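**Q** Take a look at the following structure, please.
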Amino acid sequence: MIYEDDEVIDDARIESVEHRESHVGTIALAVLAGAAIGAAIALMMAPRTGQDMRRVLRSRAAGLRQSAGHAVNDTTDELSRQLRRRSRQVRRKLDRMR
């Protein structure tokens, strides 16, 4: 068991939270991939000239790169927070064992 802020947290509850948190990045990546595929299909189906289509594709690609960058940064921040929290929990557990 882990004690956090005067609350006892059992290992099963921690594993449940870890399991949910581990899927955040996967879900974000799947949503971005789906959006990119959907946007590409929509663009290919639209009646435009080649020059217009290339301009639109460049613009969309730039937007997707920016969105992907934000998603990576958000996921990295979240993983860093989880790592810090886990480190504190492990340290507390080790301190109690001494």
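**Q** For residues that are of a type in the set (D, E, K, R) and at pLDDT 80 or above, scanning just the range 29-65, find the one that is farthest from Thr75 (Cα to Cα).
**A** In this case the residue turns out to be Asp52.
**Q** Tally the residues that are in a helix (DSSP H, G or I) and either in contact (Cβ under 8 Å) with a residue 60 or more places away in the chain or among the hydrophobic types (A, V, I, L, M, F, W, C) (or both), restricting the search to the range 42-65. Lay out the reasoning, then the answer.
**A** From the range 42-65, those in a helix (DSSP H, G or I) are 42-45, 50-65; that's our starting set.
Imposing the further condition that a residue be either in contact (Cβ under 8 Å) with a residue 60 or more places away in the chain or among the hydrophobic types (A, V, I, L, M, F, W, C) (or both) reduces the set to 42-45, 53, 56-57, 61-62, 64.
Adding up the residues that qualify gives 10.
**Q** Are any residues in the range 67-76 of a type in the set (Val, Ile, Thr) and in contact (Cβ under 8 Å) with a residue 12 or more places away in the chain, and if so, which ones?
**A** Thr75
**Q** A follow-up question, please. Using beta carbons and a limit of 7 Å, which pairs, at least six apart or on different chains, have the first residue in the range 77-90 and surrounded by 10 or more Cβ atoms within 10 Å (Cβ to Cβ) and the second one outside any helix (DSSP H, G or I)?
**A** Final answer for the pair search is Gln89/Ile2; Gln89/Glu4.
The values are calculated or read from the model by the stated rules, or taken from the named source; none is laboratory data. Please read these numbers as outputs of a predicted model, since none were measured by experiment. Methodologically, a virtual Cβ is constructed for each residue, glycine included, from the backbone with ideal geometry; neighbour enumeration extends over all protein chains shown.
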